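Worksheet: one structure, shown below.
Any read-out appearing in this document is the output of simple, stated calculations on the displayed coordinates, not a laboratory observation. Bear in mind the structure is a predicted one, so any value in this text is a computation, not a measurement. Note that we place each Cβ from the backbone using ideal geometry, even for glycine, and neighbour counts take in every protein chain shown.
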């Protein structure tokens, strides 16, 4: 059985019109590991913030955050629970 982790991923998008399609494409690719998703526009700062709750191997979580982090105007941070 693979070693799985539960964690939270925070995604901040600075330029929605330029990045949103790429972000959603990546999230769709990894959709099977997402337990929950919440997205909030922060109009006062021209940002969009997405939080994900994920359950997957650390390698898959790292792959997801790595792909998101390569998108221009996107910042990604994750934290994993020790189970």
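Quick one: count up the residues across the stretch 23-46 that are under 16 Å from residue 69 (Cβ atoms) and more than 10 Å from the chain's Cα centre (by Cα).
Within the stretch 23-46, residues that are under 16 Å from residue 69 (Cβ atoms) and more than 10 Å from the chain's Cα centre (by Cα) number 2.
Pull out all pairs, ordered by first then second residue, where Cβ-Cβ is under 6 Å, the residues are six or more apart or on different chains, the first lies in the stretch 68-83 and is within 9 Å of residue 6 (Cα to Cα), and the second is surrounded by 13 or more Cβ atoms within 10 Å (Cβ to Cβ).
So the pair list comes out as 79/7; 79/8; 80/5; 80/7; 81/6.
Of the residues 55, 73, only one is at positive phi and in contact with a helix residue (DSSP H, G or I) (Cβ under 8 Å, 6 or more places away or on another chain); which?
After applying the criteria, what remains is 73.
Filtering the stretch 33-52 down to residues that are in contact with a helix residue (DSSP H, G or I) (Cβ under 9 Å, 6 or more places away or on another chain) and within 16 Å of residue 7 (Cβ to Cβ), which residue is surrounded by the fewest Cβ atoms within 10 Å (Cβ to Cβ)?
Here the residue is 37.
If you go through the stretch 5-22 one residue at a time, do you hit one that is free of Cβ contacts under 8 Å to residues at least 12 places away in the same chain, exposed (fewer than 15 other Cβ atoms within 10 Å of the Cβ) and under 11 Å from the mean Cα position of the chain (by Cα)?
No: the stretch 5-22 contains no residue that is free of Cβ contacts under 8 Å to residues at least 12 places away in the same chain, exposed (fewer than 15 other Cβ atoms within 10 Å of the Cβ) and under 11 Å from the mean Cα position of the chain (by Cα).
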